[in-house]
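A.B. asks: Please see the structure below; I have some questions.
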Amino acid sequence: MPRVSEEHLERRRRQIIDAARACFIRNGLYETSMQDIFAEANLSAGAVYRYFKSKSEIVDEIVTEGGGELQKALSALVNTDPPPDPDRLCLAMCQRITELARGNGPARLAIQAWAMAAHDGRLAAKVRQTMMTSRDHWVTYVRRLAETGRLPADIDADAAGRVLFGLFPGFILQHLLLGDAEPEEFAAGVRALFPVTAFTGVPTTAATTA
């Protein structure tokens, strides 16, 4: 029997993940059965179970993959020299989220995954790790702003990083559920709350006239 190539194995694995994600988005995580995934992927049960032992394993993979895409984008931006202003970082991250929320993109499942994680210990561990890693990136970002003199040196980076991190689940909720949140609008809001002058040591208008 000819040996199956790594490329073939990866294509088949990708086929299963894409089929499962389409089912989850269309029918919901709970309502989708393994039989639905077999049919969507046009594969036998044996072919799917060769790669994933259960629906939970497929969900874990999709959550890890989607979170990894966002973390990769955030890490690259945070480690840019010099780090971007908050509004520019917000714009770039919100744009990436909207890209991942198009069609059958992984961000479309974020809200369902959070809800499922509330009472699924296995998934909760995956979601928690993804969120904590992202939050750590935001803490690093605040520290880098402080190191470059754009925030006070004694700022509580952990507290500030948690606040900035919290903006993005909020953007996902509004973008997916309300349908009226756009990257440019969010960036403008961040710019209004955190004007560039607040990150350069130059007094703001309010502070000057007080």
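Every number in this text was worked out from the coordinates using simple rules, so none of it is lab data. Quick caveat, the model's predicted, so the values are computed rather than measured. Backbone-built Cβ (ideal geometry, glycine too); neighbour counts: all protein chains shown.
A.B. asks: Suppose every Lys and Arg Cβ carries +1 and every Asp and Glu Cβ carries -1, with no other charges. What dipole size does the range 1-53 come out with about its Cα centre, to the nearest 20 debye?
C.D. replies: 160
A.B. asks: A follow-up question, please. Starting from the Cα gyration tensor of the range 55-200, take the square roots of the eigenvalues, sort them a ≥ b ≥ c, and report rounded, prolate or oblate (rounded when a/c is under 1.5, otherwise prolate if a/b is larger than b/c, else oblate).
C.D. replies: It comes out prolate by the Cα gyration axes.
A.B. asks: Once label points are set 7 Å from the Cα along Cα→Cβ at both Glu65 and Gln174, what is their separation, rounded to one decimal in nm?
C.D. replies: 3.0
A.B. asks: Under a 10 Å cutoff between Cα atoms, tell me which one of Ser33, Ser56, Ser44 has the largest fluctuation in the Gaussian network model of the chain.
C.D. replies: Ser44
A.B. asks: Just to be sure I follow: if Rg is taken over the C-alpha atoms of the range 1-53 and Rh is the Kirkwood radius over the same atoms, what is Rg/Rh?
C.D. replies: So for the range 1-53, dividing Rg by the Kirkwood Rh gives 1.03.
A.B. asks: Continuing with this model, one more query. Grab the Cα-Cα distance for Asn42 and Arg26, subtract it from 0.36 nm times how many residues apart they are, and report the gain in nm with one decimal.
C.D. replies: Once the chain is fully extended between Asn42 and Arg26, it gains 4.1 nm.
A.B. asks: Of the residues Asp85, Asp154, Asp36, which exhibits the maximal mean-square fluctuation in a Gaussian network model of the chain defined by a 10 Å Cα contact cut-off?
C.D. replies: Asp154
A.B. asks: What spacing in nm lies between the two simple spin-label points modelled at Ser33 and Ile155, each 7 Å away from Cα in the Cβ direction?
C.D. replies: The answer from the label model is 5.3 nm.
A.B. asks: Return one number: the angle in degrees, 0 to 90 and rounded to the nearest 10, between the long axis of the Cα atoms of helix 86-100 and the longest principal axis of the Cα atoms of the chain.
C.D. replies: 10
A.B. asks: Picking from Ala160, Ala187, Ala113, which is most flexible by a Gaussian network model of the chain using Cα springs under 10 Å?
C.D. replies: The residue with the greatest mean-square fluctuation here is Ala160.
A.B. asks: Rounding to the nearest 10 and keeping the result within 0 to 90°, find how far the Cα-based axis of helix 157-173 lies from the longest principal axis of the chain.
C.D. replies: Relative to the chain, helix 157-173 is tipped by roughly 50 degrees.
A.B. asks: Sticking with this one: What is the distance, in nm, between label points placed 7 Å from the Cα along the Cα-to-Cβ direction at Asp81 and at Arg13?
C.D. replies: Calculated label separation equals 3.5 nm.
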